[in-house]
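These notes are about the structure you will find just below.
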Amino acid sequence: MFETLSAPAPDKIFRLTGQFAADPRPDKVDLLVGIYKTAEGRTPVMGAVKQAEARILETQETKSYVSFEGDRAFIGAMRDLILGDAVPSARVAGVAAVGGTSALRQVLELVRTLRPAARVWVSDPSWPIHAAMVDHIGLARGTYRYLDRAANALDRAGMLADLSGVAPGDVIVLHGCCHNPTGADLDLGDWAEVAALCNRTGAIPLVDMAYQGFGDGLDEDAAGVRLLAREVPTVFVAASCSKTFGLYRDRAGVALIVTSEGAVAAAQGQLTAMNRNNFSFPPDHGARVVQTILTDAGLRALWEEELNSMRETMVQNRRALAEALRVETGSDRFGFLAAHRGMFSLIGASTKEVDILREKHGVYLVGDGRMNVAGLRASVIPKVARALAEVLA
Ligand SMILES: Cc1ncc(COP(=O)(O)O)c(C=O)c1O
């Protein structure tokens, strides 16, 4: 069966991560994969997670199946974290999934089942899995402009012009906050425009929420999705707990559908059946950790403190690098780094320049010039700034 096939190309980022590990230079800098790192370059288990796990270890009496939809308390806690009181909980269906990636997959498969002719619109650029997944499951895909590359800021007019071509039932993939890879987000006025566009055209927004709390704060980062939930009749949400709870390998996430109260049972049934058909039961450990943290005042306060500290580190890294680059280049060309939010920014480097940064300076970026600002630390910022200024001169 496989004799005539060749293996698909290995994931670019993970190939470069292997190359980084094998690089003997002591001052190499890893700005590749979207993982939060401390100043010491570690990704430790969060304190709130450790404590929740200790509690679970102490009190859990069975590892028996939970349910096809996952733990209701986890789904409810995530719904409240994301949607706040934007809509009554009776209007929200939800299932636990295998991290944020599978939450997206469950929603997109549902779209394929119910609306096979729908086109799914993905920003250019976006997290590469968005386009790859839409193509993989065989839905039609549209692309909308997102980044004004000259200004390194949101291309509002381009985005709205391209999205004006959506058809009823099409799906628009939006990053809830901390857009990956650009770091350029919609402001509330933009979210309102997107809501109006969905209402005018009958398109359905699918909000990918992978970084809530990494941008400006838990509520601030959810303001866009909450606005959509209030104003658009049907909204899909795919959320990940990987980054903000540091639960990368435990695979916790939720797929939510905001709909009318009368339709919520049908939406819930469809999502639950999708889980059953794809993996029966979603993983429980990470979900239980998240639910334990979100529903306990002490653990939640500790988690928020840790989350705030991660956010502040990223904001500080952004400011420090922008400032170092201002000094190196004598210009504000990289000022956008301080204005962007979240883990990533695109620094506008060509593939060749990315290769030179890696080979000559030991500064590792993804091929399209995406930088993980969480991989920076005070001690390497001057070196990174010098390398960027020299190579991108
Ligand atoms: C934009 C975006 N969405 C979703 C995810 C999914 O994360 P996970 O499947 O690890 O929860 C990521 C992870 O990098 C992401 O960047």
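The values are calculated or read from the model by the stated rules, or taken from the named source; none is laboratory data. Remember, predicted model here, so these are calculated numbers, not experimental data. Please note: Cβ atoms are built from the backbone with ideal geometry, for glycine as well, and neighbour counts cover all protein chains shown. To get the accessible areas, we keep the full protein, side chains included, count just its heavy atoms, and leave off ligands, DNA and RNA. Shrake-Rupley method; radii C 1.70, N 1.55, O 1.52, S 1.80 Å.
The table that follows gives values for the structure above.
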item: Distance in nm between pseudo-label sites at S89 and R42 (7 Å out along the Cβ direction from Cα); result: 3.7 nm
item: Over region 75-165, volume per residue of the alpha carbon convex hull, in Å³; result: 143 Å³
item: 5 Å-binned pair-distance histogram of region 1-110 (Cα, whole percent); result: 2, 7, 10, 13, 14, 13, 15, 12, 9, 5, 1, 0
item: Members of K352/K383; K12/K352; K12/K383; K243/K352; K37/K63 lying beyond 23 Å, as alpha-carbon distances in this model show; result: K12/K383; K243/K352; K37/K63
item: Beta bridges by DSSP in the chain, antiparallel share as percent, to the nearest 5; result: 50 percent
item: Equivalent ellipsoid dimensions for region 321-367 as semi-axes, Å, which come from the Cα gyration tensor, largest first; result: 20, 14, 9
item: Alpha carbon centroid spacing (whole Å) that separates region 301-375 from region 159-197; result: 24 Å
item: Accessible solvent surface per residue of region 255-393, calculated while the other protein chains remain in place, 1.4 angstrom probe, Å²; result: 41 Å²
item: Linear extension gain, K28 paired with A132, 0.36 nm per residue minus alpha-carbon span; result: 34.4 nm
item: Net length gained if the chain between S280 and S260 were fully extended (0.36 nm per residue, minus Cα distance); result: 4.6 nm
item: Heavy-atom surface of region 18-88, accessible at 1.4 Å and reported per residue (Å²); result: 56 Å²
item: Unit charges at the beta carbon, dipole of the chain: most positive-side option, L16, L81, G253; result: L16
item: Region 65-295: antiparallel DSSP beta bridges as a percent of all, rounded to 5; result: 45 percent
item: Scattering profile of region 186-255 at q = 0.11, 0.16 Å⁻¹ [log10 I(q)/I(0), Debye over alpha-carbon scatterers]; result: -0.29, -0.58
item: Enclosed volume per residue, in Å³, of the convex hull spanned by Cα atoms of region 106-211; result: 89 Å³
item: Acute angle (nearest 10 degrees) that the helix 188-201 long axis makes with the longest principal axis of the chain, alpha-carbon atoms; result: 50 degrees
item: Theoretical gain in end-to-end length, R156 to A54 [0.36 nm per residue, Cα-Cα removed]; result: 32.0 nm
item: Spin-label pair E359/S67, simplified geometry with 7 Å Cα→Cβ offset, distance in nm; result: 5.7 nm
item: Cα radius of gyration and Dmax for region 65-295 (Å); result: 16.2, 52
item: With every protein chain in place, the chain: carbon and sulfur % of accessible area (1.4 Å); result: 53 percent
item: Computed label-point distance, nm, for sites R15 and T113 using a 7 Å Cα→Cβ extension; result: 3.6 nm
item: Distance histogram for the chain (every C-alpha pair counted, 10 angstrom bins, percent rounded to whole numbers); result: 5, 23, 31, 26, 13, 2, 0
item: Region 246-377 - convex hull of the alpha-carbon atoms, volume per residue in Å³; result: 188 Å³
